[in-house]
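In what follows, a structure is listed as structure tokens, so that the remarks can point back to it.
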Protein chains: 4
Amino acid sequence: MRRYNMARERNNKRSIENSGFGSNTSAEGRRLVNKDGTLNLRKTGAGILERISWYHVLLRLSRARFLVVVFCFYTVINLLFACIYLAIGPQCLKGSSEVSGLSARFQQAFFFSSQTLTTVGYGHISPDGLTANVVASLESFMGIMSFALVTGLFFARFSRPRAYLVFSHNVLVSPYKTGKALMLRVASQRNNHLTDAEAQVTTAFHVIENGQRVTKFYQLPLEIAQINSLALSWTLVHVLDEESPFYNMSEQALRDSRLELMVTVKAFDDHYSNTVQQRTSYTAEELIYGARFNPAFRRSEDGGTTLLELDKINDYERVAV
Amino acid sequence: MRRYNMARERNNKRSIENSGFGSNTSAEGRRLVNKDGTLNLRKTGAGILERISWYHVLLRLSRARFLVVVFCFYTVINLLFACIYLAIGPQCLKGSSEVSGLSARFQQAFFFSSQTLTTVGYGHISPDGLTANVVASLESFMGIMSFALVTGLFFARFSRPRAYLVFSHNVLVSPYKTGKALMLRVASQRNNHLTDAEAQVTTAFHVIENGQRVTKFYQLPLEIAQINSLALSWTLVHVLDEESPFYNMSEQALRDSRLELMVTVKAFDDHYSNTVQQRTSYTAEELIYGARFNPAFRRSEDGGTTLLELDKINDYERVAV
Amino acid sequence: MRRYNMARERNNKRSIENSGFGSNTSAEGRRLVNKDGTLNLRKTGAGILERISWYHVLLRLSRARFLVVVFCFYTVINLLFACIYLAIGPQCLKGSSEVSGLSARFQQAFFFSSQTLTTVGYGHISPDGLTANVVASLESFMGIMSFALVTGLFFARFSRPRAYLVFSHNVLVSPYKTGKALMLRVASQRNNHLTDAEAQVTTAFHVIENGQRVTKFYQLPLEIAQINSLALSWTLVHVLDEESPFYNMSEQALRDSRLELMVTVKAFDDHYSNTVQQRTSYTAEELIYGARFNPAFRRSEDGGTTLLELDKINDYERVAV
Amino acid sequence: MRRYNMARERNNKRSIENSGFGSNTSAEGRRLVNKDGTLNLRKTGAGILERISWYHVLLRLSRARFLVVVFCFYTVINLLFACIYLAIGPQCLKGSSEVSGLSARFQQAFFFSSQTLTTVGYGHISPDGLTANVVASLESFMGIMSFALVTGLFFARFSRPRAYLVFSHNVLVSPYKTGKALMLRVASQRNNHLTDAEAQVTTAFHVIENGQRVTKFYQLPLEIAQINSLALSWTLVHVLDEESPFYNMSEQALRDSRLELMVTVKAFDDHYSNTVQQRTSYTAEELIYGARFNPAFRRSEDGGTTLLELDKINDYERVAV
């Protein structure tokens, strides 16, 4: 919180160098930060194993993809062990009924493997002989270890602290007091309760300096940068006064600057007992010049409850500025 | 901590706009925050899947309801798989004893399913044939994955960082020094030790502005807003002096304003090694005008220990103010 | 950090009211905080279920006691279910060998129960009939749920963020610069690396005010209250100058005041990626007047490594002050 | 953040005493902090059980070593229980086929043990008699408890919050504005996104005071000590002006001082929703006097994305200073 206030005092109309992006970043017309908050960035010069945090990958996958990945993993391991049991020989698995034929034996091996991996172990098929027993013993060990990862990940995904914010699709230039202000809106989309929410808006835009096109970064002062409870919708307001880097810029100038607004909202969620954070970004294409947001909450019919209308987060009407 | 001090300096008798509630919130005589700290708010305009965080729902359920939900889930999955095994045909499950009749076969299928789902796998019933084996293999896989969620949730509920605070049921207007003060009391109810506790009290009340009834929000300065250790009971004291939004308001005026106090206490619990937080709210109905709290702790009989009497947290006596 | 500096400026020689203890706390000659950092406090006036956080209890138990509790729980559940299986009747469990006699049947039931609870499910004993199957199905469900708690707790205990600090047993009054200072020493005892360590020392002592014996609390300013890395031993130094509540108090006066020092050290452990905290307290009995600590670290024989000698944390020698 | 600013104001050219290291630390030509961020420190004077946090040990082990340790643990437990079953007698395990001979019986006992420990429990071998059943019941209980630790650890290792930073191998003395500056570079190596990154550089170096060689510690002010997003590479710049402890020191003087730079970078990772931290250190051997870093990021061929070249983090060219 304090930081933002300090920033407001210090950084008025002076570009900041601590955005974490460089002034020669090649963001010509494309985003530094994607709409979903990820970085528009690629890393090279290191092997994939050194460059990838599998934990991050598996947490970011969509739910469907995650289940597909896990199911493929389960199937592949079973196929692998089925082949091993086949390779050991026809007598290594003893079943209640004799099977013959490669296909039947492979099926038996495959299902024995899955029963071992999941530690179900019905026992109607059981390992016989030293080799098969050793392999089965290893497989059940491996099964427990891999299911530790898989089920741990499954739960980690489910319980991962997330802000569940919804941002307005557009950023508006609205009339504000006697002047104008940039406005965007955010709300908590779900049944979580966020407290001590803080917002930070950084802008990148292009200017011509000494004939060179360079990217400048500014932290935009907000009318209210911290609220006690993110109960209803929250409109972030950056006044376009003489302290703003956009002061006196016309609509055309704003669009030509190819500005990008990078927004971060942090808050405390007491069910996770943790700080959650969400980012998004806006480019000139998402800027509406001359509009204001309509209210997104209203009194319920019986007058006793407040209704927050999530489908109206981006609801605006055109006005002159 | 610091924040509250700043607030004290800045916000004296000026309403705040960062409460997270709007000034036209329709809280006519009802609460913004319920007694248990949840918001009196409904969200609309988004499908239930986008609006619900199941993790939050399952963490907030009462223990009994959670167990019922989990048990129903377990039963439904078993019923579903029992039907699948029945559909595959009478030969798909091989038991030590032959069963006939739909009811007996359904029972066998149901219990086989539960043995598979929990990975007990006695084996006196075992899958036979390709289809049954595939289904059983999927079921045990699904069983492990769902039990990862269920047992993870069960433990997450049990170990969830919670403040375990008990608040006085009433908020009092008590004599304080040469004037009056709003007082409410809080204590740690359980065998946890909270340190660096911070309290924040925000009030909402109705005033008539330009003939319109609007809701104003104020952060109430507290005599002590942070304590090193929440060992005993802690009385939050808001002095009703000229810096208070309630300065010189009579009992009737206070009640007419339909005030609501929203209280948040945050602290560090070193067994969770985490910040915990609890909220509550008070409305005019819970205001006692002219009373003071009786002490809630005393010396033990042997003189060596302090006793904190939790049933006296709301113990007050009437006094003139 | 900042907080302590503020405190230093503000609280010089003024008692604090935000210690969390009351000025009439009945700590006559006994501790407010025990040597191991727990509170010398008992809570009454609420049922045990409302007063106990089982999670805290089970995390604080010694390792041996925890294992005993868990083992008893396992045995009791098995005994319970063994009785249920016995009650259902002699035919409810089908084994590879027939057993008769109550003792043999009870054994069979008990072991079947344990095989079900742990989901081993060998299958040489299996449930027969509807009732037994339903009970076994419930037991395996219950087994998974309870083992989720038990193994979760076991791991939570093992991985619980802890500071692993060792404090000097005594607090010394040592010569310091041209005057005297209270000194106590702390070190990280284990192979964890703590950074950004902060210390806070609060004192409680008795004074006679208006003929009444009351307890006063002071936060003691420290020469260094925060260090970047708790690599070696750290001596906390409170100078007994005119800013100290103990200024000009003789040894006898200090002892008569029945002072208690409550010490809290917080730090960041990057293996837990969490803040850890440990407390202790010192009473007048642990005060050594006129002594100074000997160094607790030295150069290794080969000159290349620093040795921290944990057994010398309380190593002091008598000196005149 | 604030802390560093305060330090900048206060500590200019004054050594700090809160580095956590002592001024007589025996770091003669060797490091206080190793290149990988661990301390060059040994603890003595306490038994290994009091000195070791097994959790930290098992988290720090390399992946290969961890798997070896776990596998050995699994094998040893199985061997142990195999011996117990052997000791109970030949009839204690009943298999589908009779086995004789010590080796065959040991194998049977070993595999039965592994099936019990992992709770697979095929049941083709099953315990017979009171003693064997009791032991098997204990083993399955122990199995669940130990696998709770092992799989918990396995997942904790996998999901442990880590910064995944890569530091430049060298620290440079580069031309900067009209003077010189110490520069080192850091980047996030993997697909994690770090925000609110803070850096802290502490130096230790040797000076002659009163004819004695002592180690002095200074916190080095940085041009930018905090950035909003650690998206690209970040060059930490310490200007060698009159506020620097290295002001006007020649290359030879710097090398003779046997300086060591200890660098800590902290940031917030929103996938872990946690603060992550990484340390490293530089000694005089890693100092390049007269060089500057080449850019480590550039525009992608299609112009739309930024490429961060991790292999160029330490890429520098010689320049005169």
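The values are calculated or read from the model by the stated rules, or taken from the named source; none is laboratory data. All values derive from a computational prediction rather than experimental measurement. Note that each Cβ is placed from the backbone with ideal geometry, even for glycine, and that neighbours are counted across all protein chains shown. Accessible surface areas use protein heavy atoms only, side chains included; no ligands, DNA or RNA. Shrake-Rupley method; radii C 1.70, N 1.55, O 1.52, S 1.80 Å.
I need the full set of residues from the stretch C:275-286 which are within 13 Å of chain D (Cβ to nearest Cβ) and open to solvent by 20 Å² or more (accessible area, probe 1.4 Å), in order please. C:275, the sole residue that qualifies. Where strands (runs of 3 or more DSSP E) fall entirely within the stretch C:227-321, those with at least 3 residues that are touching a residue at least 24 places away in the same chain (Cβ under 8 Å) and either in contact with a Ser or Thr (Cβ under 9 Å, 6 or more places away or on another chain) or not basic (Lys, Arg) (or both) are at C:234-239, C:260-269, C:274-283, C:287-289, C:291-293. Yes or no: the stretch B:5-13 includes at least one residue that is buried (at least 18 other Cβ atoms within 10 Å of the Cβ) and either modelled with pLDDT under 70 or in the same structural domain as residue B:213 (by TED's automatic domain parsing) (or both). Yes, that holds for at least one residue. Residues that are among the charged types (D, E, K, R) and within 29 Å of residue D:280 (Cβ to Cβ) do occur in the stretch C:304-312. Give the residue, chosen from A:170, A:191, that is within 35 Å of the chain's Cα centre (by Cα), at pLDDT 85 or above and farther than 30 Å from residue D:109 by Cβ. Sole residue among the options that is within 35 Å of the chain's Cα centre (by Cα), at pLDDT 85 or above and farther than 30 Å from residue D:109 by Cβ: A:170. Summed over the stretch C:60-95, the residues that are touching a Ser or Thr at 6+ places or on another chain (Cβ under 9 Å), in contact (Cβ under 8 Å) with a residue 40 or more places away in the chain and farther than 16 Å from residue C:108 by Cα give a count of 2. Number of residues in the stretch B:141-187 that are under 27 Å from residue B:227 (Cα atoms) and either more than 10 Å from chain C (Cβ to nearest Cβ) or touching a Pro at 6+ places or on another chain (Cβ under 6 Å) (or both) equals 22. Confirm whether residue C:113 is more than 8 Å from every other protein chain (Cβ to nearest Cβ) and crowded, with 24+ Cβ neighbours inside 10 Å. Judged against the criteria, residue C:113 is a match. Among the residues of the stretch A:175-199, those that are over 18 Å from residue A:310 (Cβ atoms) and small (Gly, Ala, Ser) comprise A:179, A:181, A:199.
In the stretch B:51-65, of all residues being within 14 Å of chain A (Cβ to nearest Cβ) and in contact with a helix residue (DSSP H, G or I) (Cβ under 8 Å, 6 or more places away or on another chain), the one that is surrounded by the fewest Cβ atoms within 10 Å (Cβ to Cβ) corresponds to B:54. If you go through the stretch D:110-120 and pick out every residue that is part of a helix (DSSP H, G or I) and of a type outside the set (A, V, I, L, M, F, W, C), you end up with 4.
Across the stretch A:89-103, the qualifying residues are those that are under 19 Å from residue A:139 (Cα atoms) and open to solvent by 60 Å² or more (accessible area, probe 1.4 Å), and the one among them that is nearest to the other protein chains (Cβ to nearest Cβ) is A:94. In this structure, does residue D:35 turn out to be at pLDDT 75 or above, touching a His at 6+ places or on another chain (Cβ under 8 Å) and of a type in the set (Lys, Arg)? When the stated conditions are applied, residue D:35 does not pass them.
With respect to residue C:119, is the statement that it is within 42 Å of the chain's Cα centre (by Cα), at the interface with another protein chain (Cβ under 9 Å from one of its Cβ atoms), farther than 30 Å from residue B:165 by Cβ and not acidic (Asp, Glu) true? So residue C:119 passes the test.
Yes/no matrix, rows are residues, columns are (1) more than 10 Å from chain C (Cβ to nearest Cβ); (2) open to solvent by 50 Å² or more (accessible area, probe 1.4 Å); (3) farther than 30 Å from residue C:276 by Cα:
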| residue | (1), (2), (3) |
| --- | --- |
| B:243 | yes, yes, yes |
| B:251 | yes, yes, yes |
| B:258 | yes, yes, yes |
| B:273 | no, no, no |
| B:288 | yes, no, yes |
| B:296 | no, no, yes |
| B:301 | yes, yes, yes |
| B:308 | no, no, no |
| B:320 | yes, yes, yes |
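In the stretch A:200-213, of all residues being open to solvent by 30 Å² or more (accessible area, probe 1.4 Å) and in a strand (DSSP E or B), the one that is farthest from residue A:248 (Cα to Cα) corresponds to A:212.
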